[in-house]
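The values are calculated or read from the model by the stated rules, or taken from the named source; none is laboratory data. The shown structure was predicted, so the numbers you read here are calculated from the model rather than taken from an experiment. Counting neighbours? That spans all protein chains shown, and the Cβs are built from the backbone with ideal geometry, glycine included.
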Amino acid sequence: MLRRPRVGTSVTPNHVRVTADLPCDLEQAWHLLTTPDRIARWWGAHVTFEPRHGGKIREEWTDDDRAVVTTGEVTLWEPPARLEYHWADDLWPGRTKVSFHLVKARTGTRLVLEESGWEALPVRTRPELIQAHAEQWSYYMGRLVALAR
C-alpha cells in the first residue's frame, strides 16, 4: 500500500507555512534540501542553487506564455537545521523571505517552510500569489518527502 506524503499547508493574508515529515535523519534531510543534484530531483532542473551563505538561487519558469525568472540570495545558512533566502520574480516590486527549518522528529525529520514578506507586493495581486505559492510549495515538499523514502 502506498502512503501519501505527509505535508500540511496553512495560509494567512501575508504568510505561507508548509510542514513536511521526512522519513530520514536530519543530515540526510539537509542534503536533500540543499544539494543541487537533489534539488533537481524534487524541485526541477530549472532551479539553480549555490549552497552557502550569500549563494544565489535562480528559478526559470513560464506563466502562461511569459518567461519568468525568479532570483534571490541565501541570507541564512546553518547546516543542518536552517536555511533562508530572499527572492522575487523579475516583475515584483519587492522580495519575499523563504525559510526552511529542520528538526529531529520521532520518525525522521520535520521540515517547516515559511514564506513571508508579501506586504512588499501589490494588494490586488497578493492573495492570488500567496495561494499559488502555497500550492506549489506543498507540491514540491510532497516530492521531497517521496525522494526521502
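Key figures for this structure:
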| item | result |
| --- | --- |
| Listing of strands (runs of 3 or more DSSP E) fully contained in segment 72-122 that carry 3 or more residues being farther than 16 Å from ILE57 by Cβ | 96-105, 108-116 |
| Selection count, segment 8-52, where residues are in contact with a strand residue (DSSP E or B) (Cβ under 8 Å, 6 or more places away or on another chain), β-branched (Val, Ile, Thr) and surrounded by fewer than 16 Cβ atoms within 10 Å (Cβ to Cβ) | 1 |
| Cross-chain or 6+ apart pairs with Cβ under 6 Å, segment 108-128 first and of a type outside the set (D, E, K, R), then surrounded by 15 or more Cβ atoms within 10 Å (Cβ to Cβ) and part of a helix (DSSP H, G or I) | THR109/LEU26; THR109/ALA29; LEU113/TRP137; TRP118/ARG126; TRP118/ILE130 |
| Flag for THR12 being at pLDDT 95 or above and among the β-branched types (Val, Ile, Thr) | no |
| Exclusive hit being within 26 Å of ASP37 (Cβ to Cβ) and among the basic types (Lys, Arg), set ARG95, ARG124, ARG106, ARG82 | ARG82 |
| Positions within segment 1-52 being closer than 18 Å to TYR85 by Cβ, part of a helix (DSSP H, G or I) and of a type in the set (A, V, I, L, M), in sequence order | ALA29, LEU32, LEU33, ILE39, ALA40 |
| Filter result for THR109 (of a type in the set (S, T, N, Q) and buried (at least 17 other Cβ atoms within 10 Å of the Cβ)) | yes |
| Only listed residue being among the β-branched types (Val, Ile, Thr) and in contact (Cβ under 8 Å) with a residue 40 or more places away in the chain, chosen from THR48, THR19, THR96 | THR19 |
| Checklist (1) free of Cβ contacts under 8 Å to residues at least 12 places away in the same chain; (2) under 16 Å from TRP137 (Cα atoms); (3) assigned to a strand (DSSP E or B); (4) small (Gly, Ala, Ser) applied to ALA67, failing item | (2) |
| Failed criterion for ALA134 (all others in (1) more than 25 Å from TRP30 (Cα to Cα); (2) surrounded by 15 or more Cβ atoms within 10 Å (Cβ to Cβ) hold) | (1) |
